[in-house]
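Each remark here refers to the structure printed beneath this line.
Where a number appears in this text, it was derived from the coordinates with a stated rule and is not lab data. Everything numeric here is computed off the predicted structure, so don't read it as measured data. Virtual Cβ from ideal backbone geometry, glycine too; neighbours counted across all protein chains shown.
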Amino acid sequence: MKISNFKLMFCLLLLPIALKAQQSSGTADNKKHKIVIQFNDADSLSQNRVGLQVQNIRNVWSNADVEVVCLGAGLDALMTANSKIAPVVEEWSAKGVVFAACANTMRLRKVMKEDLLKQAIVVPSAVIELAMKQEEGWSYFKGGK
C-alpha cells in the first residue's frame, strides 16, 4: 500500500513537467513556417474568425510568417468604414502579420488606398499573390467560415 501511494505521489509531482513538455512540443521545431490565408467574406463572424485563425497559428508557431490576402467581399476587413477587426489587424500587423488588399477588387469596388486601414498593403492581384506564395513554399489556407 505504501509503495502504491509513493508511486501516485511521484506521478503527481511529475505531471506538471509532462504537461509542459507536451504543450511546448508543437512549438519546439526550428522550421520556418509560412502560411498565406485567402479571405473573401464580409460578414462580421467571418472577419472575427480569420482574426482568431491568425491568433491560433501564432499561438502554436509564434515566429510563423503569416499573410492574409483579402479579395472580393473580404476587402471589407481592411476598409476603415467596414472593418469589424481593425484592432486585430493593428495588433497582428505590429507582430509581423501582413494584411494584403487586392488591387483588382479595389478597382472594381472603387476603393482607394486611403479607404484602407493604414496597416494594409496593396498587391496587384490576390490570385497572383496566392499563387506566388505557394510557389515559394507557403502553405495555403482559406480563412473565415
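What are the chymotrypsin sites (Phe, Trp or Tyr not before Pro) within segment 56-117 that DSSP puts in a loop, where the Cβ has at most 14 other Cβ atoms within 10 Å? Sparse-neighbourhood loop chymotrypsin sites (Phe, Trp or Tyr not before Pro): none present.
Over 25 Å apart at the Cα level, from the set K31/K95; K95/K142; K34/K110; K84/K110, are K34/K110.
Among the GluC sites (Glu not before Pro) found in segment 40-145, those both in a DSSP coil and sparsely packed, with 15 or fewer other Cβ atoms within 10 Å of their Cβ, are E136.
Modelled spin-label separation between N59 and K110, with each label point placed 7 Å from Cα along the Cα-to-Cβ direction: 4.2 nm. Extension gain, A81-E136: 0.36 nm per intervening residue step, less the Cα-Cα distance, totals 16.4 nm.
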